[in-house]
Every structure is written in structure tokens, then in C-alpha cells.
Amino acid sequence: MTAGGHRGVGATDLLRLGVFGLRTRPARVVLSALGIAIGIAAMISVVGISSSSKAKVDQVLDALGTNVLTVTPAQGFVEQRPLPSTALESAVRQDEVQRAAAVGTVADAAVYRNEFVPAPETKGIGVMAAWGDVPSVLGGSLASGRWIDSSPGAAPQVVLGADAAAALGIEDVRADSRVWMGGQWVQVVGVLEPVALADDLDGRVFVPRGLAADLGFDGAPTVVYARVDPERVERARDVLANAISPGRARDVGVTRPSDALAAKNATDDSFTGLLVGIGGVALLVGGIGVANTMVITVLERRAEVGVRRALGARRRNIRDQFLVESLLLSFLGGVAGVVIGVGVTIVFALAQGWPIAIPVWAVAGGLGATVVIGGVSGLYPAARAARIPPTSALAAV
């Protein structure tokens, strides 16, 4: 710019001056930008990982369906009334129910790897009688083998839940796969994958009702699972309770397992908010680092400011120059933080087998935050530089 201020400092000139000012102090610039980068990376990675986790939950819900209802004895302070033995038949007769299955706890039965295991060492494995195709209704699948055959005259057989199979050391079904139950060997015909909508079944062993009766089963189902019309879920809740226990609907509880997954998702949202807050604190610390760097830069460059003022630079020009440097410094840290945050999210999501879901608003918000941080952090140093008188600055030359 010529003396007398005939020509103003353009945006290109300011950008060049800003880049030059940063290039003269690379080590300090890197350290200051790193503070911003850590804050932005923390925020983006937390939001990205949380979004990827939610996307995985949504995939599971889409695959399993949100139209499965569970019918159990109502929870309360009084003694629970067991479901009637006709509960499954009553549920199946309802127009809203597409298909249903049930399980019942065989209270006095236990299952062991062999006959030499002491009776108290059950490993927490429970035995359940099964009506119908339970995994099909719950959207589950078999890791190995098939589901139990409940037809009359079928041989004694069991299907193991995922955790029960692991505890018994049976990973897949073979011709010699069997367990000791009720004083006899029983053939293992299937092993289930983990059941997302009813994870309490993972540690159970399932038997036909005929075998369950031999083990002392009382015939009352513990839980009825009903897959209902997706458009009539709320109505099905009311209908099922009345159909299963006419006149005593309050004794029956009807819930939707997918609500538990949704609640877990909501809990993750709260935790994500906490972590984003921590990332915000890190970003604030980074902004303070930028402000500190710019203040020191102003003090070190008093002579440069004095020369420019003596040559005709206005206070506005000096202020804008240091403000641009602060913005560039923050922007560089923001870009680095976005790259790091996106990279961390991608690596973590791929390692977990999740879909990659990075919200655009998180990236845009991260870069926007760097502009705000840069502007706020540079205001005071820029104003201080603009107030340096030419005579005082030239005295330091």
C-alpha cells in the first residue's frame, strides 16, 4: 500500500500477510492449531461414532421389526397370576396377530454337560418348554442345526441358546452332541444365534412340551411372543391382554421388546451429549491457546507494526491483518480436527461392523466453530496491535 492510503488493503493482500505471519513461526502455529484440532476431532468422532451406533441399532430394528409384543404376567406388589395354559391359543386367534410362539419355565429341571457334573453346578442355565417356532417370531436364527420338533412321538431333543451353548462347550451340532438332563442323555438338535429382542433367552435350553412334562413342567407359559400387524400394534396391546385373561386384563402385561432398544438409544444420546460437552471444553482450551499465541505474536512484531504504520497503514489494516492470522490458525486446526475425527469414526465403525454415519451438520458445525473460535480469539490481539503507536514501535527497531 502506498503512503497516504491511496489504495486500501484488499482481501488477497490480507490473506497473503496472514499466511506469511503464520509461516514465520511454524512450531508455534502447529502447537496452537493442535489444540483446536483436538477439540474438533473429539466432537466429530463422538458424534460420528454415536451416529454409527444408532444406524446399527436402526438396522437391527428394521431387520427384526418393531411389531413384536411380549405377553407376561403383570408386574406388581401382589403375587403374580400365571398366564393360563391357553394363552398362546388365545393370542393366535386374534385378527391383529400374524404368528405367535411361547415359552414356559421348567422350574425344577437342570441341564449338564455330562452325568458326572455335581447337581448344584448348573452354570445358571434354565430349561424352557417351547410352543411354536420361537426364533422365527422373534426374528432370530439358528447358528447350527434346526429348531425342536414338537410333534407327538418325536424323540427327546433340545435346542441351546447362544450363551447356554458356550457354557456347555457345544459350538455346533454334530451327531454326538448331547446333554445330560433329567437322568438321561438328550440329543442337541440346534444352537441359536443371540436373540436381540429377547436376550434373556440366550442362556436357556429349549425342550418340547412332552419332554418338559416329564421334567415336572406345570403347563403354564411364562411368556407369549406375538408378531402383530405393524399398522395395529397399539390396538393389539389392548386386545391381547383381554383375550388371554378375560375379565382380568390387569393381570397381564404386554410390552414391545424394541422399546428397550430404543431406550438404550436414548441413553446413548445422553452419554453422547456429555462427551460432546467434553469436546467443547477441549475446543475452548484450544481457542485460549490461539489467543495466547496471537498476543505473543503482537508483542514480538511491534517493530513490524511500527514500520507499516509509518508507511501509512491504518489501524483498521493492522487489526484486520492479525484477525486474519487468527482465523487462518483456527481454520487450519479445524480442518485437521475434521480429518482426524472422520478418520477415527471410520476406523471404529469398520472395526465394529457398523455402517459409517457422520452427520453433515457435525462437520459443518466443527468448521463453523473454528471460525467463531478464531474470530473471538483474535479480537483482543488484533485490537491491541492496532493500538500500538508508530513511534513506540519504531523505538523497538
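With the structure loaded, tell me whether residue 306 is in contact with a Gly (Cβ under 8 Å, 6 or more places away or on another chain) and part of a helix (DSSP H, G or I) or whether it fails that test.
No; evaluated as a whole, the condition is false for this residue.
Go through region 85-121 and report how many residues are surrounded by 18 or more Cβ atoms within 10 Å (Cβ to Cβ) and part of a loop (DSSP other than H, G, I, E, B).
Number of matching residues: 5.
Need pairs with beta-carbon distance below 9 Å; first residue within 13 Å of residue 87 (Cβ to Cβ) and within region 220-244, second part of a loop (DSSP other than H, G, I, E, B) and of a type in the set (A, V, I, L, M); sequence gap 6+ or separate chains.
220/83; 221/83; 222/83; 223/83; 224/83; 225/138; 241/74; 244/83
Answer with yes or no whether residue 97 is farther than 30 Å from residue 339 by Cβ and modelled with pLDDT of 85 or more.
Values: farther than 30 Å from residue 339 by Cβ: yes; modelled with pLDDT of 85 or more: yes.
Yes, satisfied.
Right, residue 290: at pLDDT 70 or above, aliphatic (A, V, I, L, M) and out of contact with any Asp or Glu (no Cβ under 7 Å at 6 or more places or on another chain) or not?
Considered against the rule, which asks whether it is at pLDDT 70 or above, aliphatic (A, V, I, L, M) and out of contact with any Asp or Glu (no Cβ under 7 Å at 6 or more places or on another chain), residue 290 comes out as no.
For residue 22, are the conditions met, namely being buried (at least 18 other Cβ atoms within 10 Å of the Cβ), modelled with pLDDT of 65 or more and under 20 Å from residue 295 (Cβ atoms)?
Considered against the rule, which asks whether it is buried (at least 18 other Cβ atoms within 10 Å of the Cβ), modelled with pLDDT of 65 or more and under 20 Å from residue 295 (Cβ atoms), residue 22 comes out as yes.
So, in region 84-138, how many residues would count as being closer than 14 Å to residue 204 by Cα and of a type in the set (A, V, I, L, M)?
Of the residues in that region, 13 qualify.
Can you tell me which residue within region 228-275, out of those that are within 30 Å of residue 50 (Cβ to Cβ) and not in a helix (DSSP H, G or I), is modelled with the lowest pLDDT?
257
Under 14 Å from residue 39 (Cα atoms) and either in contact with a Cys (Cβ under 7 Å, 6 or more places away or on another chain) or outside any loop (DSSP other than H, G, I, E, B) (or both): is that true of residue 362 in this structure?
Here the answer is yes, as residue 362 does meet what is asked.
With (1) surrounded by fewer than 20 Cβ atoms within 10 Å (Cβ to Cβ); (2) under 17 Å from residue 367 (Cβ atoms); (3) at pLDDT below 80 as the list, and residue 34 as the residue in question, which single condition is left unmet?
(3)
Which residues, taken from region 296-348, are among the basic types (Lys, Arg) and without any contact (Cβ under 8 Å) to a residue 60 or more places away in the chain?
The one that is among the basic types (Lys, Arg) and without any contact (Cβ under 8 Å) to a residue 60 or more places away in the chain: 308.
I'd like to verify a number: residues in region 211-228 that are buried (at least 20 other Cβ atoms within 10 Å of the Cβ) and within 17 Å of residue 73 (Cα to Cα), how many?
Qualifying residue count for the region: 5.
Could you tell me how many of the residues in region 162-186 are in a loop (DSSP other than H, G, I, E, B) and either at pLDDT 95 or above or among the polar types (S, T, N, Q) (or both)?
Residues meeting the conditions: 1.
Take residue 303 and tell me if it is aliphatic (A, V, I, L, M), modelled with pLDDT of 70 or more and surrounded by 13 or more Cβ atoms within 10 Å (Cβ to Cβ).
When the stated conditions are applied, residue 303 passes them.
Checking the condition closer than 30 Å to residue 185 by Cα, in contact with a Pro (Cβ under 8 Å, 6 or more places away or on another chain) and modelled with pLDDT of 90 or more, which residue from 111, 103, 127, 137 passes?
Of the residues listed, the single one that is closer than 30 Å to residue 185 by Cα, in contact with a Pro (Cβ under 8 Å, 6 or more places away or on another chain) and modelled with pLDDT of 90 or more is 103.
I'd like to verify a number: residues in region 187-220 that are closer than 20 Å to residue 137 by Cβ and part of a helix (DSSP H, G or I), how many?
Looking only at that region, the number is 10.
So that you can scan it fast, the table gives a plain yes or no per residue for (1) of a type outside the set (Lys, Arg); (2) buried (at least 20 other Cβ atoms within 10 Å of the Cβ); (3) outside the structural domain of residue 114 (by TED's automatic domain parsing):
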site: 195; (1), (2), (3): yes, yes, no
site: 209; (1), (2), (3): no, no, no
site: 230; (1), (2), (3): yes, no, no
site: 237; (1), (2), (3): no, no, no
site: 250; (1), (2), (3): no, no, no
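Taking interchain pairs and intrachain pairs at least six residues apart, which have beta carbon atoms under 7 angstrom, with the first residue in region 139-151 and on the phi > 0 side of the Ramachandran plot and the second part of a loop (DSSP other than H, G, I, E, B) and not aliphatic (A, V, I, L, M)?
Every condition considered, the pairs that remain are 139/65.
May I ask you to say which residue of 63, 42 is closer than 24 Å to residue 138 by Cα, modelled with pLDDT under 85 and not in a loop (DSSP other than H, G, I, E, B)?
63
The values are calculated or read from the model by the stated rules, or taken from the named source; none is laboratory data. Bear in mind that the values here come from a model prediction, so they are computed numbers and not experimental data. Glycine gets a Cβ as well: all are built from the backbone with ideal geometry, and neighbour counts include every protein chain shown.
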